[in-house]
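Data block below; observations after.
The values are calculated or read from the model by the stated rules, or taken from the named source; none is laboratory data. Every value quoted in this text rests on a predicted model; they were computed, and no experiment measured them. Glycine gets a Cβ as well: all are built from the backbone with ideal geometry, and neighbour counts include every protein chain shown.
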Amino acid sequence: MYDFAPLRAATDAFWSALAARLRAAGVADVPSSLTRDVGHVDTWRDPRLLLGQACQYPLANSWREAVRLVAIPEYAAPGCEGSRYRSAIIVRAEDPARRLEDLRGRRCAVNERDSNSGSNLLRAAIAPLAGRGRFFSSVELTGSHLASASSVASGTADVAAIDCVSYAHIGRLHAELAGRLRILDWTPSSPGLPYVTARASDPGTLAALRGALTDVQTDPALAPMRAALLQNGIDFAVDEDYTEVRRLEADALARGYPQLA
């Protein structure tokens with residue numbers, strides 16, 4: 001989910017290290033390289049999925065029967081606490097807004113409607129202010145957090161919620177873009193983006209995945225790779241009921257704010 005183009009060599013190194021350990025553990029048919037030519041939703045519903053990363057909100061609403069949660073990675077990024085994360089609510093650097101209420105009537109950019117970080121967490125932050133009605137003048141779907149950040153910086157939109165790991169990567173990899181933005185506020189937090197495997201994966205494969213992830217997160221030789229990807233640990237305490245992201249949704253519904261608007 002954080003496969004920015006400049007990070008692909010590090011992401012490939014991450015997979016190579018995992019794949020070697022999975023093969024050593026006896027897992028059959030481990031791919032030699034990552035699959036990048038299939039959309040993320042298609043991978044989540046594929047019964048052959050060995051390992052992927054997913055957003056909890058669409059999993060909770062549409063794909064919970066298709067995948068099993070393996071673990072939640074921890075990241076070294078502002079806004080992260082262990083395996084929890086939140087989204088930075090960003091505006092242009094020169095925008096006069098000083099609080100969320102100042103964004104009423106502004107244009108919002110969202111990566112995907114069913115994104116936890118771009119939509120669900122932002123809705124949770126705005127719901128208490130919306131007054132059971134429209135808050136933004138418009139909501140633009142951009143397709144990615146990087147595109148949402150670019151939309152705000154260019155003036156096409158005024159505000160977006162960018163998950164804190166993506167925003168940290170944007171700051172390192174796209175410094176000029178990041179310099180045109182600032183964080184106005186932060187959303188509530190929730191569990192981060194989990195690693196997932198197909199629901200059909202057997203217990204032995206699940207155990208091998210967890211063992212391989214543990215090794216990759218502790219191998220001193222892989223420290224440069226982990227630093228490039230901002231990886232900082234692994235949490236195996238997963239919630240298959242997606243309690244927190246579903247509660248954030250329910251709270252917004254109870255406030256009469258069913259979707260960003």
Can we say G133 is within 24 Å of P258 (Cα to Cα), not in a strand (DSSP E or B) and not assigned by TED's automatic domain parsing to the domain that holds Q56? yes
Can you tell me which residue in segment 189-224 is farthest from L18 (Cα to Cα), limited to those that are among the aliphatic types (A, V, I, L, M) and not in a helix (DSSP H, G or I)? A200
Those residues that are surrounded by 11 or more Cβ atoms within 10 Å (Cβ to Cβ), in a loop (DSSP other than H, G, I, E, B) and small (G, A, S), I need them from segment 29-56; list them, please. A54
Is it the case that segment 85-102 has a residue that's over 17 Å from P194 (Cβ atoms), surrounded by fewer than 15 Cβ atoms within 10 Å (Cβ to Cβ), charged (D, E, K, R) and in contact with a helix residue (DSSP H, G or I) (Cβ under 8 Å, 6 or more places away or on another chain)? yes
Given R113, R134, which one is touching a residue at least 60 places away in the same chain (Cβ under 8 Å), basic (K, R) and more than 20 Å from C55 (Cβ to Cβ)? R134
Please pick out the residue among G105, G118 that is of a type outside the set (K, R), modelled with pLDDT of 95 or more, outside any loop (DSSP other than H, G, I, E, B) and not assigned by TED's automatic domain parsing to the domain that holds Q53. G118
In the set R48, R92, R64, which member is in the same structural domain as V152 (by TED's automatic domain parsing) and touching a residue at least 12 places away in the same chain (Cβ under 8 Å)? R92
Kindly list the number of the only condition in (1) among the aliphatic types (A, V, I, L, M); (2) at pLDDT 95 or above; (3) more than 15 Å from the chain's Cα centre (by Cα) that fails for A200. (2)
Quick one: is A161 among the small types (G, A, S), surrounded by 18 or more Cβ atoms within 10 Å (Cβ to Cβ), in the same structural domain as I90 (by TED's automatic domain parsing) and in a helix (DSSP H, G or I)? no
